[in-house]
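Structure first, then comments.
Computed from the coordinates by the stated procedures, all read-outs in this text should not be read as laboratory data. Treat the numbers as computed from the prediction; the structure is a model and nothing was measured. Note that we place each Cβ from the backbone using ideal geometry, even for glycine, and neighbour counts take in every protein chain shown.
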């Protein structure tokens, strides 16, 4: 009498339709859980979190490893996620849902316009970077939005720390992208930041 064949691995078993059982179960689970809990989305948020940690905790290495030419897509996604989190917290704190849309829009537009002005200014003083690289630096520096909403009463401590650390991040990033000295980069970055704050105060 022949020995009965071992039971096949249930995960590796192939149903009548020809699809792997594990794949079928995974597909069904993905449909039930939805996009938010899918493996791809988990990876996206994990990737974002790793970038946040890199920018805020180890900015020197982060910007040294960032391609000097830069690109628009990844920094833009990072910027939008950071702006969305910041705007949501501000909208909840101020009990104003319309503030969410306003702050997201302003954050994205300010970085887009700021990168054009900054790239032109650095080029004017001998910078060798590109518009994509400049945009990437400003976009990743907006990781500071994650604590910019913190306040102690009327003291906007988070906002003040955010401005100061953003300038520091911009100096590190611009120095790498535009291949300029630290002193010249720092002076130019501070001047541009001061002009940006002035415009923001004037326009509200």
Subject >> Distance between modelled label sites at residue 161 and residue 57, nm, 7 Å Cα→Cβ extension >> reply: 1.5 nm
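From the Cα trace of the stretch 127-196, what convex hull volume per residue do you get, rounded to a whole Å³?
Output value, Cα hull per residue: 78 Å³.
Pairs of Cα atoms under 8 Å, at least six residues apart: use those to get the relative contact order of the stretch 103-204, whole percent.
This gives 24 percent for the stretch 103-204.
Would you mind putting 51-63, 171-183, 71-83, 87-99 in packing order, based on average other-beta-carbon counts within 10 Å, highest first?
The densest-packed peptide leads the list: 171-183, 71-83, 51-63, 87-99.
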